[in-house]
Amino acid sequence: ALNEANDNESSRIVQMIDFFKFKHHIAIVFELLDISLMKLIENTGFTGFPFHEISEISIQLINGLKSAKYANIIHADLKPENILFERKNSMAVKLIDWGSAIFLNQQPPSYYQSRFYRAPEIIFGLVSNYNDIDIWSLGCIIAELFIGLPIFPGSSNYDQLFKILNLLG
């Protein structure tokens, strides 16, 4: 479904090339990409990025999420580790690690989203429509690109919610 939604350059989703079975396991072959956004944040000393780079990355991530929405898929674990650059010295990024993704009409798993990027409705268990949880994560990532550190670095769901409420009210 993602490969079908990934039919143009603006989609920004990692391309599956092939798959095969090996000892009763399915192995998936993806295109070769470079370092993660998290690694780049670390390499810059957690100082943040210039606005034009944040804008360029953000537009690509929005396009990737639009392609997923077209396929009725929610990523559900969007974080800097799951965003890879296409190649060295390029600002072109792609969304990877769709292992937690679900179709919109599927029953959700018990685990959703990495804590620093977890939407409040997931913390409260109030989600009836999961469309917007990737947008929350994207907003957290954009803030992290600006300040260089996670905006809501909670150590538990309670602490996560405390940090969100402390900043946003």
Fill in: Unit charges at the beta carbon, dipole of the range 56-147: most positive-side option, PHE85, ILE133, GLN113
PHE85
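First measure r as the distance between the Cβ atoms of ALA92 and LEU167, then evaluate 1/(1 + (r/R0)^6) with R0 = 25 Å and state the FRET efficiency to the nearest 0.05.
Details: r = 31 Å, r/R0 = 1.25.
The pair ALA92/LEU167 has a calculated efficiency of 0.20.
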Worksheet item: Which cross-chain or sequence-distant (5 or more) residues have an amide H under 5 Å from the amide H of ILE13, H modelled 1.01 Å from N in plane?
Response: LEU95
Fill in: Assigned charges on the beta-carbon of Lys, Arg, Asp, Glu; the chain dipole about Cα centre (debye)
280 debye
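Please give the peptides 44-57, 150-163 ranked by average Cβ packing (other Cβ atoms within 10 Å per residue), highest first, as a rough proxy for protection. Show your work: numbers first, answer last.
Values: 44-57: 13.2, 150-163: 15.4.
With the highest mean Cβ count within 10 Å placed first, the list reads 150-163, 44-57.
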Practice prompt. Determine, at each q value in 0.11, 0.13, 0.17 (inverse angstroms), the log₁₀ of I(q)/I(0) that the Debye formula gives when each Cα of the chain is one equal point scatterer.
Written response: -0.47, -0.66, -1.10
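When only the heavy atoms of the protein chains count and the probe is 1.4 Å, how do ARG87, ARG12, ARG115 rank by accessible area, highest first? All intermediate terms of the calculation are to be shown ahead of the outcome.
Values: ARG87 135, ARG12 15, ARG115 85 Å².
Ranked from most to least accessible, the order is ARG87, ARG115, ARG12.
Tally Lys/Arg at +1 and Asp/Glu at -1 over every other residue whose Cβ is under 10 Å from the Cβ of CYS140; what's the total?
Working: positive: LYS79, ARG118; negative: GLU144.
So the surrounding residues net to +1.
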Worksheet item: Please state the relative contact order of the chain as a whole percent: Cα pairs under 8 Å, 6+ residues apart?
Response: 23 percent
Worksheet item: Roughly what would the spin-label model give for ASN105 and HIS52, points 7 Å off Cα along C-beta, in nm?
Response: 4.6 nm
Worksheet item: Averaged per residue, what accessible area in Å² does the chain show with a 1.4 Å probe, protein chains only?
Response: 58 Å²
Discussion item. I'd like to verify something in the chain: which complete DSSP H helices, judged by Cα projection on the helix axis, reach 27 Å or more and average at least -0.5 on the Kyte-Doolittle scale?
Written reply: 51-70
Worksheet item: Highest GNM mean-square fluctuation, the chain, Cα pairs closer than 10 Å: which of ILE41, ILE73, ILE142?
Response: ILE41
Discussion item. With a 1.4 Å probe and all protein chains kept in place, how much accessible area does ASP77 have, in Å² rounded to the nearest 10?
Written reply: 10 Å²
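What is the magnitude of the charge dipole of the range 1-78 about its Cα centre, with +1 placed on the Cβ of each Lys and Arg, -1 on the Cβ of each Asp and Glu, and no other charges, expressed in debye to the nearest 20?
Values: 6 positive and 10 negative charges, 62 e Å.
Dipole size: approximately 300 debye.
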Item to complete: Report P(r) for the range 83-169: all Cα-Cα distances, bin width 10 Å, range 0 to the bin holding the largest distance, values in whole percent.
Response: 15, 45, 30, 10, 0
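Below 14 angstrom from the Cβ of ILE151, what's the summed charge of the other residues (Lys, Arg +1; Asp, Glu -1)?
Working: positive: LYS79, ARG115, ARG118, LYS163; negative: GLU144, ASP159.
So the surrounding residues net to +2.
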Discussion item. With a 1.4 Å probe and all protein chains left in place, how much of the accessible area of the chain comes from carbon and sulfur atoms, in whole percent?
Written reply: 58 percent
Worksheet item: Taking the Cα centre of each part, how many Å lie between the range 117-164 and the range 27-106?
Response: 16 Å
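The values are calculated or read from the model by the stated rules, or taken from the named source; none is laboratory data. Not measured: the values here are computed from a predicted model. Cβ coordinates were reconstructed from backbone atoms using ideal geometry, including for glycine residues, and neighbour counts include every protein chain displayed. Heavy atoms of the whole protein, side chains included, go into the accessibility calculation; ligands, DNA and RNA do not. Shrake-Rupley method; radii C 1.70, N 1.55, O 1.52, S 1.80 Å.
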